[in-house]
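The following block contains the structure, expressed as structure tokens.
None of the figures in this text is laboratory data; all of them are computed from the coordinates on show. This structure is a prediction, so every number in the text was calculated from the model and none was measured. Don't worry about glycine lacking a Cβ; one is built from the backbone with ideal geometry, like all the others, and counts go over all protein chains shown.
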Amino acid sequence: MNISTALNNIIAVTPIPLAIVDTNMNYIAVSEQWTSLLQLEKQPLIGQSHFAVFPDLEEHQKALLEGCLNGKDETIEVSKYVRADASVIWLKWEIRNWLSDDGSIGGLLLSCEDISNSCKDEQLQEHLYQSENQFNQAFDHSLIGMSIISPEGNWK
């Protein structure tokens, strides 16, 4: 067994939800906890783009990943995640870059923790308030016209 195979086996059974991507954001290793928590068991992840697996990432989330690829590690204290079965969990994310043999950034380590049970109601309320406030600011101060319609196409 070579070191690469051994490392992939260790990552697979690590007790934390962990994924490793290269600089193109393609998965090179994932833990069983990652696939289980995020309900990604049915998807072959190795070699897949993170953006293909999570096509609904918002621009600010993509910017955080880009920043980390440029050397700025990130912690996201509270983030809502809707799983495949439509259940909602609250996650804390850690995004760290890792270095290749030549010292350049080789990719990212993505880890998350389910904080749904331990997350305080006031934290969720604050997060909701900030998100709602950001939406209202964008809506009220947009240079282009905006409207809210229902999925059926009716004006709200």
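For segment 78-97, give me each residue that is farther than 20 Å from residue 26 by Cβ, in a strand (DSSP E or B) and over 12 Å from the mean Cα position of the chain (by Cα).
88, 89
Which condition breaks for residue 33 when tested against (1) touching a strand residue (DSSP E or B) at 6+ places or on another chain (Cβ under 8 Å); (2) part of a loop (DSSP other than H, G, I, E, B); (3) farther than 19 Å from residue 106 by Cβ?
Among (1) touching a strand residue (DSSP E or B) at 6+ places or on another chain (Cβ under 8 Å); (2) part of a loop (DSSP other than H, G, I, E, B); (3) farther than 19 Å from residue 106 by Cβ, residue 33 violates only (2).
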